[in-house]
Amino acid sequence: MSALTTLSSIENWSYLFINVVWVLIFIMYLFGFGNWIQVYWWKADIKSKLTVLNDLANSAKSRTIEYMKKNKAKDSSKVLDRLIDFFAIDPVNIEPTDIINRMRHIINIRESRFKKTIEESMPDSNERARSIASTATEIASALFFIYKYVRHLLLSGEKTKNWYLIMYLSMMMPQIMQIANIYRKALDDFLDGVPVGDGAGPIVALKMSNFNKDWRDVDEDTVATEGEYGGRKLILVKAKGPASTVGRPGEATEKLIRESIANGERISLLITVDAALKLEGEETGSIAEGAGAAIGDPGPEKIRFERIATQYNIPLRAVVIKMGIEEAIMGMNKKILDGIDKAIERVKKIIEEESKPGETVFIAGIGNTAGVGQ
């Protein structure tokens, strides 16, 4: 009998304890203690990933310095510290008059200052090594910006007790980490000088020329050559390789079109070929075509294609090779190589359908020519 009483007493105390715990939990959540625990875990997760971002940025910086020293750079660490935080301020857009020329001027100043600083640091290196060092510096700069911006949002959220900002940042961290890891992996491919996915456009131009060796300089870091297809004269434009550069294809194409028209040629078509980011579920290397200028440019180069095509009533066509963001800036894979051949067939089909023998067709291969010669 006493044993049954003891057991019943224990059960009563257990029920009481459980009820008290549930009441305490309810009170804690009622007064926001549960939210405090959730925010604590969000902050802990962000801080752990912030450490990884810092490591990725410093690793990229060290790798870039190592490459620059290997190529006889002077004061590579100081040069990198100076360029990592180098910025360009967008022109005033409330007054749109001449905004493209102002934007072009600012972009050109930034590019020339970057290039000049690298040249001064690496006077005994070749153009290709300097261009790769410049691209590596850009990647390191992007990684440091990601790290600093995430840190800024976290500290701002803590300072203002804006838990919604911390929650949003925590939810975005997987995407942010994915982008940062892609940039870090891409750095190694650029430093190794291998062609990247974004080089698909220039390779299309190179193949359409039948690997013609007679390329001439047209604009800064931009070359052109002539070819033939189906009785049409082809004029092909791409960035100058195998340096890591996208050149100035818009300016170069505009200049060459004016030259051709001055020589009495009939230009029936202008085709731009570029890499394009695919949607999730789309196949890498798939092809799409459209109207307009296929070029991922802030505006100054793209508008050159649009203006010259409009001025002379030249149909402006676009062919894109689809790929993910990581595939665009990392070493080129077989799916993209296969996509290049598909893009060439699509370009040929457009030429056959929309031009006639004896006419001139312009083809601009847009993209970074790291590892892609001519």
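Is one or more of the residues making up region 146-153 more than 17 Å from the chain's Cα centre (by Cα) and more than 25 Å from Ile325 (Cβ to Cβ)? The answer is no, given that none of the residues of region 146-153 is more than 17 Å from the chain's Cα centre (by Cα) and more than 25 Å from Ile325 (Cβ to Cβ).
Residues in region 308-329 that are closer than 29 Å to Ala136 by Cβ, surrounded by fewer than 23 Cβ atoms within 10 Å (Cβ to Cβ) and among the hydrophobic types (A, V, I, L, M, F, W, C): Ile325 only.
Is at least one residue of region 122-143 modelled with pLDDT under 90, among the hydroxyl-bearing types (Ser, Thr, Tyr) and over 18 Å from the mean Cα position of the chain (by Cα)? Yes: region 122-143 contains one or more residues that are modelled with pLDDT under 90, among the hydroxyl-bearing types (Ser, Thr, Tyr) and over 18 Å from the mean Cα position of the chain (by Cα).
Out of curiosity, is Glu306 more than 23 Å from the chain's Cα centre (by Cα), without any contact (Cβ under 8 Å) to a residue 60 or more places away in the chain, in the same structural domain as Ile267 (by TED's automatic domain parsing) and not in a loop (DSSP other than H, G, I, E, B)?
Values: more than 23 Å from the chain's Cα centre (by Cα): no; without any contact (Cβ under 8 Å) to a residue 60 or more places away in the chain: yes; in the same structural domain as Ile267 (by TED's automatic domain parsing): yes; not in a loop (DSSP other than H, G, I, E, B): yes.
Criteria not met by Glu306.
For region 191-214, which residues satisfy the criterion of being in a helix (DSSP H, G or I) and closer than 17 Å to Gly324 by Cβ? Of everything in region 191-214, those that are in a helix (DSSP H, G or I) and closer than 17 Å to Gly324 by Cβ turn out to be Gly197, Asp198, Gly199, Ala200, Gly201.
Take Thr272 and decide whether it is surrounded by 15 or more Cβ atoms within 10 Å (Cβ to Cβ), β-branched (Val, Ile, Thr) and assigned to a loop (DSSP other than H, G, I, E, B). Considered against the rule, which asks whether it is surrounded by 15 or more Cβ atoms within 10 Å (Cβ to Cβ), β-branched (Val, Ile, Thr) and assigned to a loop (DSSP other than H, G, I, E, B), Thr272 comes out as no.
The values are calculated or read from the model by the stated rules, or taken from the named source; none is laboratory data. Model, not experiment: these values are computed from the prediction. Reconstructed Cβ throughout: ideal geometry from the backbone, glycine too, with neighbour counts over all protein chains shown.
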